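Worksheet for the structure shown next.
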Amino acid sequence: MTQQSPQVQPLEPGESELTGVRNFRDVGGLPTTDGRTVRPGALFRSGHLADATASDAAFLSGLGLHTIFDFRNAADAKLEGPDVELPGVRNVNIPLSDPAEGKEFWGMVREGDLDTLRGLLGDGRAADRMTGSYRRMIVERTVEHGRVLHSLAEESVPALMHCAAGKDRAGLSIAITLLALGVEREAIEADYVKSDAPHRRYRVRRSSTAKDAMAPEVVELLSPLFEARVEYLRAAFETIEATWGSADAYLTDGLKLAPATRERLRERLLAGE
């Protein structure tokens, strides 16, 4: 029996409604290529929930969530802390590659001086790192992405997906889910780049003792790591085409999503015919 989600307009709380959770949104309302739309109140995305306040937790509890997918790794959890616990909600941790993963790398991002950051991130190296990571997540994380889609098709709706910033790992996982639903490519990209709005961005963590801690050039060097650039997502789509030949082949052969499973996914997450 298909679980029905409330027929409501997509949720878009103001900054005052969620004070400790950034980059939250309902992806409901996005159009598919066959004229349907994603069901409001069924699929949400956000940054981590570790800093959720009591009022934030009350808001999230009111969504009627079945499952929260947390794509952070152990290093993220150590830095930010565990998610707030929501009564009756299943928490599923599926670690995905962080585009800036590596203890040594993050140490240099947080503590490194200007010369170090220039060598690490300058001359387009930061953006190259991001696009390379998106490509690797497509090729190397098919099992994890397949697991998410199968779970959504079976029982996990309404669901919330998040990582640290809600931009890269969650952003790509949302994009793959929307791809499986048949959402128009332009709509997927438009949702993705919403994460670039200043009030949605992850708060950059730099040590207050770091030399030139947040000097203008430091901010510029770090920016590609914390921006939602459409070219990052397009690199992922290009990798799908180059590796599998088409999105359908990627879903079927890469993520092992059978036609019947994909149809169940659409039944759960799309509004009526």
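Here are some notes:
- For the peptides 117-125, 142-150, residues were scored by their other Cβ atoms within 10 Å and the scores averaged per peptide; the highest-first order is 142-150, 117-125.
- Efficiency of FRET from Cβ geometry, E220 and T19, R₀ 35 Å, rounded to 0.05: 0.80
- A protection proxy built from the mean count of other Cβ atoms within 10 Å ranks the segments 77-90, 35-48, 165-178, 228-241, most packed first, as 165-178, 35-48, 228-241, 77-90.
- What separates the Cα centres of segment 22-96 and segment 212-273 is a distance of 17 Å.
No value in this document is a laboratory result; all are computed from the given coordinates. Computed from a predicted model, the values in this text were never measured in an experiment. Positions of Cβ are backbone-derived with ideal geometry, glycine not excepted, and every protein chain shown enters the neighbour counts.
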